[in-house]
Amino acid sequence: MRQFVVAGNWKMNGSLEANAHLLEQLKSQLDNTTKAEIIVFPPTVYLAQIQQICRDTGIKWGAQDASPNRPGAYTGEIAVEMLEDFACEYVLVGHSERRTLYHEDDVMIAMKFAHAKRHGLTPILCVGETLHERKQQVTETIVKKQLDAIVNLADSTDVFKHAMIAYEPIWAIGTGLTASPEQAQSVHHAIREHVATIDKTIAEQLTLLYGGSVKAANAASLFAMPDIDGFLVGGASLDAHQFVEITQCIK
Ligand code: PEP
């Protein structure tokens, strides 16, 4: 049985006051009708606060990024070992904003993915194509290349065990444009098939999230697709009402 997930990527938003308010709203509005695991990804400086507020709730938390290196002389970076201090279970790897704004390439992302796994964190690998690539009809080629970078660095066939993949078409992130359920399903299916060429059982159990302008209004039709196991939500995760409604589609 695959794990269903609704994850909120807060990006570079929040404050002590705003986080406390948002989490109090989530705690009071989330109900047990959802079958989804709920995860929030705050900016790293707020992890202690999130740990304190969420520790005895059903809400899990993770980091938006982490270094591929052990602690040392890497000014400005956050080590996976430090995330362990805040009981993080998850880390986003290769979000498109990291790939484009901070020039993270597939090799760097594969190193981050492997390092997080080595330390027992569950990485959520983000993959996706630009609008230009979609128009060129190379979406699957791009996504498979992003997956293969992870596989090529790994030394075992269980590389996607204890991991998740988020398909996030770059043209849909923060734009208000969403992939149609059929477009998203087709890429999710291709991802699962590709992982199945490495390990069929892991592919069947792998949680595949969709991300890209997910809102309460489009979540149910996306979740109705057989290979969509939940969502990575950006903007709408800052609005407790929207976020809770999205979780309620997962039944
Ligand atoms: C994201 O940041 O991963 C994302 C999907 O953002 P949004 O929901 O705002 O498009």
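The values are calculated or read from the model by the stated rules, or taken from the named source; none is laboratory data. The structure displayed is predicted, hence computed values, not measured ones. FYI the Cβ positions are ideal-geometry reconstructions off the backbone, even for glycines, and counts take in every protein chain you see. Areas reflect the complete protein model, heavy atoms only, side chains present, ligands, DNA and RNA absent. Shrake-Rupley method; radii C 1.70, N 1.55, O 1.52, S 1.80 Å.
Distance between the modelled labels on LYS200 and ASN32, one decimal in nanometres: 3.7 nm (7 Å Cα→Cβ projection).
Using a probe of 1.4 angstrom and keeping all protein chains present, the accessible surface of the chain works out to 46 square angstrom per residue. Got a number for carbon plus sulfur as a percent of the chain's accessible area, 1.4 Å probe? Carbon and sulfur: 53 percent of the exposed surface of the chain. For region 176-194 and region 122-141, what is the centre-to-centre distance using only Cα atoms, to the nearest Å? That distance is 10 Å.
Apply 1/(1 + (r/R0)^6) to the Cβ-Cβ distance of ASP85 and LEU153, taking R0 = 22 Å, and write down the FRET efficiency to the nearest 0.05. So, using R0 = 22 Å, E works out to roughly 0.25.
Across region 1-52, the volume of the C-alpha convex hull divided among the residues equals 89 Å³ per residue. With each label modelled as a point 7 angstrom along the Cα→C-beta vector, the THR100-THR57 pair spans 3.1 nm.
Between ASN13 and GLU77, the FRET efficiency estimated from the beta carbon spacing at R0 = 25 angstrom works out to 0.75. Based on the Stokes-Einstein relation at 25 °C and a viscosity of 0.890 mPa s, and on the Kirkwood radius from alpha carbon pairs, region 5-247 is assigned a translational diffusion coefficient of 136 µm²/s.
Which parts of region 232-251 would a label at ALA217 reach, counting a residue when its backbone N lies under 11 Å from a point 7 Å out along Cα-to-Cβ? Zone members listed by number: none at all.
The alpha carbon gyration tensor of region 110-251 gives principal lengths a ≥ b ≥ c with a/c of 1.5 or higher and a/b greater than b/c, which makes the shape prolate. What does the charge dipole of the chain about its Cα centre add up to, to the nearest 20 debye, if the Cβ of each Lys and Arg holds +1 and the Cβ of each Asp and Glu holds -1? That gives a dipole near 180 debye. Of the two radii for region 1-111, the radius of gyration is 0.98 times the Kirkwood radius, both from the alpha carbons; that is the Rg over Rh value. Other residues within the sphere of radius under 12 Å centred on the Cβ of ILE59, judged by their own Cβ, net out at -1 (K and R +1, D and E -1).
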